[in-house]
Amino acid sequence: MLAIQRLGLRKLTLTASLAAIYTVFRAIPISSLIGISGSITAAGMIAPVLGILLEPAYGIVAVFTGTMVASLFPWNPLKFYGLDFLPGALNVALVSLAVRGRRTEATLMFLVMIGLFFINPYTSIFVGTALLSPPIPYLWMHLAALMILVSPLSKGLAVRIGSHRYANLVRPVAVLAFTGTMIEHLTGGLLFATVVGKGALKFWPVIFVAYPIERTILVVGATLICATLLSLLRPSVVEESLEVTNTVATSGVLSAAGPDEP
């Protein structure tokens with residue numbers, strides 16, 4: 001019982017600490033939004049750390065708290081009727097699921113968001129031949145992220161991150177940052193279409209040109225910042241955060257080996 005209480009306290013403390021860090025990054029604007037007042041913030045650059053260190057539910061709580069607190073700054077008000085936390089929440093949730101080996105759930109979540117984008121009447125799948133679309137769909141970068149999520153690149157992420165060496169951290173963090181930021185962008189686009197309505201249709205061609213640059217900056221920044229932070233953390237912090245994953249992996253190995261094998 002005492003061990004369970006200590007584990008619960010550790011999770012709450014870590015969640016509160018990461019929520020505070022997310023608040024800081026959420027309050028840092030890096031570029032202006034298109035079609036609506038407000039800014040894209042640096043929150044996506046710290047999201048992989050939240051997903052790696054926190055289970056999905058705790059990560060969502062941290063993002064929600066950080067988003068609400070950061071909205072108190074005068075230059076960073078809420079723009080989507082209080083649902084501004086959703087893009088970051090799905091980013092962190094997807095990262096958390098993927099790094100814990102729950103790729104099927106992460107993939108289904110991504111597919112659901114793509115489906116919702118397709119059926120929304122105020123989104124665009126092809127933005128016009130003048131911008132090479134068609135044949136290039138608006139969601140080309142999101143589809144690339146989905147392919148990476150289901151590919152071998154997203155397997156064994158916890159093991160590689162657990163190595164605690166910066167050189168070994170870069171690739172898995174980059175995979176998580178890319179897949180996470182693309183579901184975040186997809187969710188943000190859905191909120192934009194829903195809130196702005198028919199007026200959103202005229203902005204998709206401009207967003208189509210701008211978002212690959214914006215997402216590349218976020219992925220590079222997230223990879224550098226998060227890989228550095230994870231390498232500086234005590235190995236026990238990362239190991240304890242991923243202990244459920246490691247336990248499941250170990251159990252699977254033992255089951256495959258059989259009861260009579262060491």
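The values are calculated or read from the model by the stated rules, or taken from the named source; none is laboratory data. Remember, it's a predicted structure, so these values are computed and weren't measured experimentally. With ideal geometry, Cβ positions are generated from the backbone for all residues, glycine too; neighbour counts draw on all protein chains shown. In case anyone asks, the SASA skips ligands and DNA or RNA and just uses the protein heavy atoms, side chains included. Shrake-Rupley method; radii C 1.70, N 1.55, O 1.52, S 1.80 Å.
Between 23, 13, the distinction of being in contact (Cβ under 8 Å) with a residue 40 or more places away in the chain and over 13 Å from the mean Cα position of the chain (by Cα) belongs to 23 only. Selection of the stretch 106-129 for residues being of a type in the set (A, V, I, L, M) and touching a residue at least 60 places away in the same chain (Cβ under 8 Å) yields 106, 109, 113, 114, 116, 127. Within the stretch 166-187, being open to solvent by 20 Å² or more (accessible area, probe 1.4 Å) and in contact (Cβ under 8 Å) with a residue 60 or more places away in the chain holds for 166, 184, 185. Among the residues of the stretch 25-51, those identified as under 17 Å from residue 76 (Cα atoms), outside any helix (DSSP H, G or I) and in contact with a helix residue (DSSP H, G or I) (Cβ under 9 Å, 6 or more places away or on another chain) are 27, 28, 29, 30, 31, 33, 34, 35, 36, 40, 41.
So that you can scan it fast, the table gives a plain yes or no per residue for (1) open to solvent by 10 Å² or more (accessible area, probe 1.4 Å); (2) at pLDDT 95 or above; (3) in contact with an Asp or Glu (Cβ under 9 Å, 6 or more places away or on another chain):
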| position | (1), (2), (3) |
| --- | --- |
| 74 | yes, no, no |
| 96 | no, yes, yes |
| 103 | yes, yes, no |
| 107 | yes, yes, no |
| 115 | yes, yes, no |
| 120 | yes, yes, no |
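Can you name every residue in the stretch 177-201 that is hydrophobic (A, V, I, L, M, F, W, C) and farther than 23 Å from residue 103 by Cβ? Explain how you work it out, then say what you get.
Narrowing the stretch 177-201 to residues hydrophobic (A, V, I, L, M, F, W, C): 177-178, 182-183, 186, 190-193, 195-196, 200-201.
Those that are hydrophobic (A, V, I, L, M, F, W, C) and farther than 23 Å from residue 103 by Cβ: 191, 192, 193, 195, 196, 200, 201.
The test for being under 22 Å from residue 31 (Cβ atoms), surrounded by fewer than 19 Cβ atoms within 10 Å (Cβ to Cβ) and within 20 Å of the chain's Cα centre (by Cα) does not hold for residue 70. Among the residues of the stretch 125-165, the ones that are open to solvent by less than 20 Å² (accessible area, probe 1.4 Å) and either in contact with a strand residue (DSSP E or B) (Cβ under 8 Å, 6 or more places away or on another chain) or among the hydroxyl-bearing types (Ser, Thr, Tyr) (or both) come to 3 in all.
Yes/no per residue for (1) within 25 Å of residue 104 (Cα to Cα); (2) under 15 Å from the mean Cα position of the chain (by Cα); (3) among the aliphatic types (A, V, I, L, M):
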{"site": "129", "(1), (2), (3)": "no, no, no"}
{"site": "174", "(1), (2), (3)": "yes, yes, yes"}
{"site": "185", "(1), (2), (3)": "yes, yes, no"}
{"site": "198", "(1), (2), (3)": "no, no, no"}
{"site": "211", "(1), (2), (3)": "no, no, no"}
{"site": "225", "(1), (2), (3)": "no, yes, yes"}
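Checked against the criteria, residue 79 counts as in contact (Cβ under 8 Å) with a residue 40 or more places away in the chain, of a type in the set (Lys, Arg) and farther than 27 Å from residue 161 by Cα.
Picking from residues in the stretch 218-262 that are modelled with pLDDT under 80 and in contact with a helix residue (DSSP H, G or I) (Cβ under 7 Å, 6 or more places away or on another chain), the one that is surrounded by the most Cβ atoms within 10 Å (Cβ to Cβ) is 245. I'd like to know if the stretch 139-152 contains one or more residues that are farther than 30 Å from residue 199 by Cβ and part of a loop (DSSP other than H, G, I, E, B). Yes, because at least one residue in the stretch 139-152 is farther than 30 Å from residue 199 by Cβ and part of a loop (DSSP other than H, G, I, E, B). Which pairs do you get when a residue that is under 18 Å from residue 240 (Cβ atoms), found in the stretch 50-75, comes within reach of a residue that is open to solvent by less than 20 Å² (accessible area, probe 1.4 Å) and among the aromatic types (Phe, Trp, Tyr), reach meaning Cβ atoms under 8 angstrom, with the pair 6+ apart or on two chains? That search, which allows pairs on different chains as well, returns 50/22; 62/22.
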